[in-house]
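Working notes, beginning with the structure itself.
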Amino acid sequence: MSEVKQMVKELANQYGRSNESLLPILQGIVTKELHISEEAMIEVARELDMSAAQVYGTATFYSFLDTRPTGKYVIRVCKTITCMMHGKNQIIRELENLLKIRLGETTHDGVFTLLETNCLGQCHKGPAMLINELPFTELTPEKVRKIIIEYRNREISAN
């Protein structure tokens, strides 16, 4: 049995095999694999006895369910009008300069992916971003530089 098939089977055992189990299973795949591959979507469809189109539709609807490989740290910058008014574009430019990538890309070393996302629920403290599940608010270019340096140092220490 392939690793993906085994993983999906274990997640289905944990969350069940009803339609309501689809989202938790997809979230579990992202937690383990950092994205949902086409193979994983097909296995989920088989395991839950639903169409691959239904699985694909759900996986691509939610911005936090990545369907392409991502870096170890996914940076999601809020793209609401409120965050834009508080300087979101300046934050994105700073991140692009620091990471040497554009929105939607992953660094060559596979450590960071930079994305925009809908509201993070932090508009009163914008601009805001998430790095994986950790929120950062009231961002300035200086604050962003410190955050990225901290994450890079963490990677150096881990290796």
Fill in: Residues of the range 80-99 satisfying the condition of being surrounded by fewer than 19 Cβ atoms within 10 Å (Cβ to Cβ) and either among the charged types (D, E, K, R) or outside the structural domain of LEU134 (by TED's automatic domain parsing) (or both)
ARG93, GLU96
Item to complete: Residue by residue through the range 26-59, note down the ones that are aliphatic (A, V, I, L, M) and in contact with an Asp or Glu (Cβ under 8 Å, 6 or more places away or on another chain).
Response: VAL30, LEU34, ILE36, ALA40
Practice prompt. Please indicate, with yes or no, whether at least one residue in the range 6-17 is assigned to a helix (DSSP H, G or I), buried (at least 18 other Cβ atoms within 10 Å of the Cβ) and within 15 Å of the chain's Cα centre (by Cα).
Written response: no
Worksheet item: Which residues, taken from the range 1-46, are closer than 23 Å to ASN132 by Cα and acidic (Asp, Glu)?
Response: GLU33, GLU38
Discussion item. So, in the range 79-120, exactly how many residues are aromatic (Phe, Trp, Tyr) and free of Cβ contacts under 8 Å to residues at least 24 places away in the same chain?
Written reply: 0
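So which residues in the range 121-137 are closer than 21 Å to GLU155 by Cβ and in contact (Cβ under 8 Å) with a residue 24 or more places away in the chain, if there are any at all?
Within the range 121-137, MET129, LEU130, ILE131, ASN132 qualify.
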Worksheet item: Is one or more of the residues making up the range 124-143 in contact with a Phe, Trp or Tyr (Cβ under 8 Å, 6 or more places away or on another chain) and either in a helix (DSSP H, G or I) or over 23 Å from HIS86 (Cβ atoms) (or both)?
Response: yes
Worksheet item: For residues in the range 20-69 being of a type in the set (Asp, Glu) and in a loop (DSSP other than H, G, I, E, B), which is surrounded by the fewest Cβ atoms within 10 Å (Cβ to Cβ)?
Response: ASP49
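The values are calculated or read from the model by the stated rules, or taken from the named source; none is laboratory data. Given the structure is predicted, the values throughout are model-derived calculations rather than measurements. Don't worry about glycine lacking a Cβ; one is built from the backbone with ideal geometry, like all the others, and counts go over all protein chains shown.
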